[in-house]
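Notes to accompany the following structure.
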Amino acid sequence: QTAVRTAINDQQQLIGRYLAVLERFVRLPRLRLEALEARLVIGQRQAVQAQRQRLAGLTRLMASFDPAATLQRGYAIVRQGNQVVTLPTQVPVGAELMVQLAAGTLEVTVDKTSNHERS
């Protein structure tokens, strides 16, 4: 009976060693996978944050080109018909113009034109 117990103990120890080896083969890859998952989540969060910041910057840039924003700063858009007027030589005396302001429009008639050089 002692021999049987010794054999059973030996087998239990052998099984224990095999289980320890198998556990290493399962546990270590699982830990590595968990670490990779954590890195992936962090990377995704950083990528989303970077894209949000980029979008916010592009939104601000786009807003700076909005004609309404220009009008709110006190500038006006002058048109003759559908054409934007940028030079006095584009319109003759007596021409009717539409001046677009931030809070409405003015219809004006040109009485005089003059060319001023930009400095």
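The values are calculated or read from the model by the stated rules, or taken from the named source; none is laboratory data. Owing to the predicted nature of the structure, the values given are computational and were not obtained by experimental measurement. Every residue, glycine among them, receives a Cβ derived from its backbone with ideal geometry; neighbour counts consider all protein chains shown. SASA here: full protein model, heavy atoms, side chains in, ligands and nucleic acids out. Shrake-Rupley method; radii C 1.70, N 1.55, O 1.52, S 1.80 Å.
Between Gln49, Gln44, which is without any contact (Cβ under 8 Å) to a residue 24 or more places away in the chain, among the polar types (S, T, N, Q), open to solvent by less than 100 Å² (accessible area, probe 1.4 Å) and assigned to a helix (DSSP H, G or I)? Every option except Gln49 fails the conditions. Arg39 - would you say it is assigned to a helix (DSSP H, G or I) and either open to solvent by less than 70 Å² (accessible area, probe 1.4 Å) or on the phi < 0 side of the Ramachandran plot (or both)? Yes: the conditions hold for Arg39.
Could you grab me the full set of residues in region 77-100 that are of a type in the set (A, V, I, L, M) and exposed (fewer than 13 other Cβ atoms within 10 Å of the Cβ)? If you could, list the steps in order and put the result at the bottom.
Let us first name the residues in region 77-100 that are of a type in the set (A, V, I, L, M), namely 77-78, 84-85, 87, 91, 93, 95, 97-99.
Val84, Leu87, Val93 - these are the residues of region 77-100 that are of a type in the set (A, V, I, L, M) and exposed (fewer than 13 other Cβ atoms within 10 Å of the Cβ).
Looking only at residues that are open to solvent by 80 Å² or more (accessible area, probe 1.4 Å) and modelled with pLDDT of 90 or more in region 60-71, which one is farthest from Asn115 (Cα to Cα)?
Keep residues of region 60-71 that are open to solvent by 80 Å² or more (accessible area, probe 1.4 Å), which gives 60-62, 65.
So of that shortlist, the ones also modelled with pLDDT of 90 or more come out as 60-62.
Details: Arg60: 35, Leu61: 32, Met62: 32 Å.
Ranking the qualifying residues of region 60-71, first place goes to Arg60.
Considering region 68-119 alone, what residues qualify as being in a helix (DSSP H, G or I) and over 39 Å from the mean Cα position of the chain (by Cα)?
Initially, region 68-119 is screened for residues in a helix (DSSP H, G or I), giving 68-72, 88-90.
Those that are in a helix (DSSP H, G or I) and over 39 Å from the mean Cα position of the chain (by Cα): Pro88, Thr89, Gln90.
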